[in-house]
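Peer 1: Take this structure, written in structure tokens, and hold onto it; I'll ask about it next.
The values are calculated or read from the model by the stated rules, or taken from the named source; none is laboratory data. As the structure is a computational prediction, the values presented were derived from the model and not from experiment. With ideal geometry, Cβ positions are generated from the backbone for all residues, glycine too; neighbour counts draw on all protein chains shown. When the accessible area is computed, the model is the full protein with side chains, heavy atoms only, and any ligands, DNA or RNA have been set aside. Shrake-Rupley method; radii C 1.70, N 1.55, O 1.52, S 1.80 Å.
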Amino acid sequence: MLTILFDGIAYGMLLFVLACGLSVTLGLMNLVNLAHGAFAMAGGYALVILVNNLGVPFWVSVICAFFVSAAIGFVMEKAFYVHIYRKPHLDQVLFTIGLVFMAVAAADYAMGSSQVFARIPDALQGQIHVFGIGMGRYRLMIIVICGALALGLQYVLVYTRFGSRLRAAVDDQRVARGLGINVGSIFALTFAFGSGLAGLGGALGTEILGLDPTFPLKYMIYFLIVVTVGGTSSITGPFLASLLLGIADVAGKYYVPKLGAFVIYTIMIVVLIWRPQGLFARAGSK
């Protein structure tokens, strides 16, 4: 049971890193970006190319994967996304789902259709045993990194000047511009950072989830479930939702393998019936 709990927490932490960028863009920028998984895939392939093909050290490659996805996100935001911020959500959905299929086709053409995994350092392979519980070193590393990242994101959004400017730009762009806030730059940096987080999650998740061109479609529903169950008004909601869903998914597949894939959908339905705006919704949100 404790081993399942540990694996569920590690999986939930990974889901959080993959989905928290979408939580930022959807919750704070009111942008429905279904192409979020494409940025995660870009980070994963960047890691695979750097580690497997070029022999770049693993940790350097992970950092590069973040910046590669962030750079792609920054360019895409300036070229395309900036034009759909004020469009209806249906237009945003159609545009971003189109980007997903384009990314899938491009990845299949450039990297092939086979699933690939990144080589990880020997220090992260194997298990360590604590009180008789086998803990995978790689999963333990994910828990530590993702936990620190969750705390850092919450601090930035709540206690820093950038976070306050971002919230002001989202709540009322006209007043924010009147106060001298460069809304365009704030949104571009936020989108790039969210894309970079997706790339970081894709890079870290390559060893556990595997990577192939269908990655954005395969895990799109997981990103949306995390954001929907957790709510979009803070980082705390998606973080707790990721842990809940990760543990439930691992436990469900272990104890009831025939129905394990439906456990997270059951939790989503129950939570949304109880709290339609998610676990942590902004007061008065609709």
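Peer 1: Looking only at region 22-36, decide whether some residue is more than 18 Å from residue 205 (Cβ to Cβ), in contact with a helix residue (DSSP H, G or I) (Cβ under 7 Å, 6 or more places away or on another chain), without any contact (Cβ under 8 Å) to a residue 24 or more places away in the chain and open to solvent by 30 Å² or more (accessible area, probe 1.4 Å).
Peer 2: For region 22-36, residues more than 18 Å from residue 205 (Cβ to Cβ), in contact with a helix residue (DSSP H, G or I) (Cβ under 7 Å, 6 or more places away or on another chain), without any contact (Cβ under 8 Å) to a residue 24 or more places away in the chain and open to solvent by 30 Å² or more (accessible area, probe 1.4 Å): absent.
Peer 1: Which numbered condition trips up residue 134, out of (1) under 23 Å from residue 38 (Cβ atoms); (2) touching a strand residue (DSSP E or B) at 6+ places or on another chain (Cβ under 8 Å)?
Peer 2: (1) is the only condition that residue 134 fails.
Peer 1: While we're here: Right, residue 111: touching a strand residue (DSSP E or B) at 6+ places or on another chain (Cβ under 6 Å), of a type in the set (A, V, I, L, M) and in contact (Cβ under 8 Å) with a residue 60 or more places away in the chain or not?
Peer 2: No; evaluated as a whole, the condition is false for this residue.
Peer 1: Going through 266, 190, 206 one at a time, which residue ends up being out of contact with any strand residue (DSSP E or B) (no Cβ under 7 Å at 6 or more places or on another chain), of a type in the set (Ser, Thr, Tyr), over 21 Å from residue 93 (Cα atoms) and surrounded by 16 or more Cβ atoms within 10 Å (Cβ to Cβ)?
Peer 2: Every option except 206 fails the conditions.
Peer 1: Mind checking which residues of region 1-21 are at pLDDT below 85 and open to solvent by 10 Å² or more (accessible area, probe 1.4 Å)?
Peer 2: 1, 2, 3, 4, 5, 6, 7
Peer 1: I've got another one for you. Test residue 251 against the stated conditions and say whether it is in contact (Cβ under 8 Å) with a residue 24 or more places away in the chain and surrounded by fewer than 21 Cβ atoms within 10 Å (Cβ to Cβ).
Peer 2: So residue 251 fits the description; yes.
Peer 1: Go through region 64-104 and give me each residue that's assigned to a loop (DSSP other than H, G, I, E, B), open to solvent by 40 Å² or more (accessible area, probe 1.4 Å) and closer than 23 Å to residue 219 by Cβ.
Peer 2: Listed by number, the list holds a single entry, 80.
Peer 1: Now a separate question. (1) touching a helix residue (DSSP H, G or I) at 6+ places or on another chain (Cβ under 9 Å); (2) over 30 Å from residue 126 (Cβ atoms): which one isn't true of residue 89, the others all being true?
Peer 2: All conditions are met except number (1).
Peer 1: Across region 24-63, what is the total count of residues that are over 17 Å from the mean Cα position of the chain (by Cα) and part of a helix (DSSP H, G or I)?
Peer 2: 10
Peer 1: Within region 132-142, restricting attention to residues that are in contact (Cβ under 8 Å) with a residue 60 or more places away in the chain and surrounded by fewer than 16 Cβ atoms within 10 Å (Cβ to Cβ), which residue is farthest from the chain's Cα centre (by Cα)?
Peer 2: So, considering only residues that are in contact (Cβ under 8 Å) with a residue 60 or more places away in the chain and surrounded by fewer than 16 Cβ atoms within 10 Å (Cβ to Cβ), the one farthest from the chain's Cα centre (by Cα) is 133.
Peer 1: While we're here: Just one of (1) open to solvent by 80 Å² or more (accessible area, probe 1.4 Å); (2) closer than 27 Å to residue 6 by Cα; (3) part of a loop (DSSP other than H, G, I, E, B) trips up residue 113, so point out which.
Peer 2: (2)
Peer 1: Every residue in region 143-161 that is surrounded by 14 or more Cβ atoms within 10 Å (Cβ to Cβ) and either of a type in the set (Gly, Ala, Ser) or over 19 Å from residue 237 (Cα atoms) (or both), please.
Peer 2: Across region 143-161, the qualifying residues are 147, 150.
Peer 1: Out of the residues in region 252-286 that are touching a Leu at 6+ places or on another chain (Cβ under 8 Å) and among the small types (Gly, Ala, Ser), state the one that is modelled with the lowest pLDDT.
Peer 2: 278
Peer 1: Of the conditions (1) at pLDDT 85 or above; (2) more than 28 Å from residue 163 (Cβ to Cβ); (3) not small (Gly, Ala, Ser), residue 68 clears all except one; give me its number.
Peer 2: (2)
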